[in-house]
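**Q** I'd like to ask you about the structure that follows.
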Amino acid sequence: VQSWGRPIGDIYQGQMSRRDISVTIDTVPPRINPVSRSVYLNQGGSALVIYRLSNDVKKHGVSVGEQDYPGYAPWEGKPDFGLCFFALAQDQKRNAPVKIWAEDEAGNRAKRGLSVRVRRKRFRKDRIRLSNRTVARLANKIPGPGQNVLPEDIKSFIWINEELRKENNHTIMQASEKTTPHQFWTGAFLRPRGKPMAGFGDRRTYVYKKKVVTKAIHLGIDLADVSQSKIKAGARGRVIFAKDTGIYGNCIIIDHGLGVASLYAHLSEMLINTGEVVERGQDIARSGASGLALGDHLHFSMLINGVFVNPTEWLDTHWIRDNVMLRYKNAGLKPPMDKEAPQAAAKK
Ligand SMILES: [Zn+2]
């Protein structure tokens, strides 16, 4: 390898230096062997896949169409076993290829198709009529774009529903990337209390003065209980986000490890701090109507690597058993649990 120093101004004229570096030319792509057989995926749903890799692999995961989900190798003494939680996003186009990928140090990338059975889902349609009074009430809670747009103007609502929503979702996506390479939880997530008010993937159309003015997709489930009811952590995890965030109002995100996170929004009060490890069922907040909400309710979301997924799977004991726990068992592996003392931290 030869290089010349760059002349700086006309003082330094450049000097030649020579270093010999031994380079291994590696053109052999890594090997991937899926351990999990066929995988079932609902539109908007989650999946876990386990695979074995040749030992030169540095990075791996699953890709669904254009979306990459990072994988982990969390088993001590078994560095060739990898896993990846991934999702079929609710807006994913039909027939997107699902592949396990692996990359070695030299950048050689291997891909291996995964046999998936996809169950398409038709999402609910919801028409929401906006009155002047509603628009004005919401305008009082969330600042609009300013710039000559009056807060009670429907343009302000449209901006909040489209631009601010996009920005908030980006913030959430970035926050949920701070994940632990181990699993904090076992079993199904705790079902939040309350009456279901809206579902995951609902296609919402907003009508103002008999015209469709804006649309949105609802990326969680809404549950209404008594006002300011106690909100509990769905599963063990670490709080990675607790902030007032636009349309979500006061919003908490808990990382459950391996890219899986839960989100709690419209809270009136947050009872925990970022960085804390919380136990399943621990009180973390009180419900409210902060952000883009008219009445007191909880908005509950689940995310995988920042992609919103249908939370109902995670609340379902059978789904967790068949799609997560049995997958570990069939691979002859234990759930790759985080080592921090399990129950000790909770009770103070
Ligand atoms: Zn909601």
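The values are calculated or read from the model by the stated rules, or taken from the named source; none is laboratory data. What you are looking at is a predicted structure, and each value in this text was computed from that prediction instead of being measured. Every residue, glycine as well, gets a Cβ built from its backbone with ideal geometry; the counts of neighbours run over all protein chains shown. The protein model used for the area step is the full one, side chains on, heavy atoms only, and it has no ligands, DNA or RNA in it. Shrake-Rupley method; radii C 1.70, N 1.55, O 1.52, S 1.80 Å.
**Q** Listed highest first by mean packing, meaning other Cβ atoms within 10 Å per residue, what order do 200-206, 237-243 come in?
**A** Packing proxy ranking, top to bottom: 237-243, 200-206.
**Q** Mind pulling the angle between the C-alpha long axis of helix 165-175 and the longest principal axis of the chain? Nearest 10 degrees, somewhere in 0 to 90.
**A** 40
**Q** What percent of all Cα-Cα pairs in the chain falls in each 10 Å bin, counting up from 0?
**A** Percent of pairs per bin, in order: 5, 22, 28, 20, 12, 8, 4, 1.
**Q** Now, a different point. Expressed as a whole percentage, what fraction of the accessible surface of the range 245-348 belongs to carbon and sulfur atoms when a 1.4 Å probe is rolled over the protein heavy atoms?
**A** Looking at the range 245-348 in its full context, I get 52 percent from C and S.
**Q** Sum -39500 (n - 2.57) across every DSSP H segment of at least 4 residues in the chain, then divide by the residue count to get the 222 nm mean residue ellipticity, nearest 500.
**A** So the helix-based figure for the chain works out to -3000 deg cm²/dmol.
**Q** Over the range 116-211, with the other protein chains present, what is the accessible area per residue in square angstrom, probe 1.4 angstrom?
**A** It amounts to 67 Å² per residue over the range 116-211.
**Q** For the range 151-220, what is the largest minus smallest coordinate of the Cα atoms on each principal axis, given in angstrom and ordered from greatest to least?
**A** Result for the range 151-220: principal-axis Cα extents of 50, 29, 18 Å.
**Q** Arrange the peptides 190-199, 220-229, 253-262 so that the one whose residues have, on average, the most other Cβ atoms within 10 Å appears first.
**A** Taking the mean over residues of other Cβ atoms within 10 Å, the ranking is 253-262, 220-229, 190-199.
**Q** A further question follows. Quote the accessible area belonging to HIS318 in square angstrom, nearest 10, computed with a 1.4 Å probe and with ligands, DNA and RNA left uncounted.
**A** Number for this one is 110 Å².
**Q** Here's another thing I want to ask about it. May I ask you to give the percent of accessible area on the range 114-202 that is carbon plus sulfur, with a probe radius of 1.4 Å?
**A** After summing per-atom areas, the C and S share lands at 49 percent.
**Q** For each pair in LYS99/LYS178; LYS166/LYS339; LYS99/LYS334; LYS141/LYS178; LYS93/LYS232; LYS99/LYS232, compute the distance between the two Cα atoms and list the pairs where it is over 31 Å.
**A** Listed pairs above 31 Å: LYS166/LYS339; LYS93/LYS232; LYS99/LYS232.
**Q** Under 1.5 on a/c is rounded, so check that first for the range 260-306, then, if it is not, pick prolate when a/b is larger than b/c and oblate when it is not; a ≥ b ≥ c are the square roots of the alpha carbon gyration tensor eigenvalues.
**A** Oblate.
**Q** Right, next: Pairing the Cα long axis of helix 132-141 with the longest principal axis of the chain, what angle in degrees results, from 0 to 90 and rounded to the nearest 10?
**A** With rounding to tens, the tilt is 50 degrees.
**Q** Let me ask something else about it. How many angstrom lie between the C-alpha centres of the range 297-319 and the range 104-137?
**A** Comparing the Cα centres of the range 297-319 and the range 104-137, I get a distance of 12 Å.
**Q** Then there's this: For the chain, what is the relative contact order in percent, using Cα pairs closer than 8 Å and at least 6 residues apart in sequence?
**A** Taking the mean separation of contacting Cα pairs over the length of the chain, I get 16 percent.
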